[in-house]
Amino acid sequence: MAYSHANPAPCEFRPCAVTIALLNAPPGYLTKQESIAIAGVDDLLIRSLLDKNQFHDPLDEALNLGISSATWPLFGLLWPSGTRLAERMAQRPVTSERILEIGCGLALSSLVAHRRGANVTASDCHPLTHAFLDQNTQLNDLQPIPYRHGLWGMAAIREDGMPVRTQAHDAPLSGLFDLIVGSDILYERDDEGTLAQFIDEHAADNSEIWVIDPNRGNRSAFHKHMARVGFAMHEQVLDQAAHDGIDAYKGRMLTYTRQGQHSGAAPVSVTLTNSSRSQS
């Protein structure tokens, strides 16, 4: 996952408890702990960055992966689209399927799936994602979640003008998955279709892809790239007005399915709204 400067405000939760960890946080950034309610599962304790002003990269680990100082904190915040994805993971029947969350950030969906007994792997490219994931599994008395370094696309140069190095401490992502999920991962133009290629590399022949997109401008291009690797698409509008202190949300649930790799049949795109269904 690459990180963009153009991101919305973090999700506004109404946590049951908030603890600002000023004493135990590593030097350079502050964290908080919240109790997050997701319908269908017990509340989760989530440790996150205090706010989007945090930054700590003394060894240039993030810089060497193409992550700038401005985008460094984005992995460690809770986002509205991530909550919508976690809600859907809480409702999916638990089977033997292999699940992968890409661009996981704080991995809220992976934590929900893991708590319910699903076989899930979390992946991201930020050097601190794994540590936060381990801390949050411990906070919730869960066994560790498998984590792999997953990066699609890359910057040509670092923020300081030096060449990007793509080495990471975590093991690289490998293997095939039956369900791949991600939230707010279409925030950058991707003319080369690197995200669709990344998904294709890790999706089983018969697979399903879930993407929650807060109406970024890159959805149509992503549809075309996914169609080229054999996926048909269903699109569901998720717009919701503000209510009970919860902010309004505008976005879509994108579901891509593939039955056998590159079958040759032209994929069909379907858009679902609250009152109608249309094909395109």
Would you say Ala122 is of a type outside the set (Lys, Arg), in a strand (DSSP E or B) and closer than 25 Å to Tyr29 by Cβ? yes
Can you tell me which residue in region 152-163 is modelled with the lowest pLDDT, limited to those that are touching a helix residue (DSSP H, G or I) at 6+ places or on another chain (Cβ under 7 Å) and within 29 Å of Tyr256 (Cβ to Cβ)? Gly153
Taking the stated definitions as given, is Gly117 surrounded by fewer than 15 Cβ atoms within 10 Å (Cβ to Cβ), modelled with pLDDT of 90 or more and in a loop (DSSP other than H, G, I, E, B)? yes
Only unsatisfied item for Val211, checking (1) surrounded by fewer than 23 Cβ atoms within 10 Å (Cβ to Cβ); (2) assigned to a strand (DSSP E or B), is (1)
Residue check: is Val181 crowded, with 23+ Cβ neighbours inside 10 Å, at negative phi, assigned to a strand (DSSP E or B) and modelled with pLDDT of 95 or more? yes
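The values are calculated or read from the model by the stated rules, or taken from the named source; none is laboratory data. Remember, predicted model here, so these are calculated numbers, not experimental data. Reconstructed Cβ throughout: ideal geometry from the backbone, glycine too, with neighbour counts over all protein chains shown.
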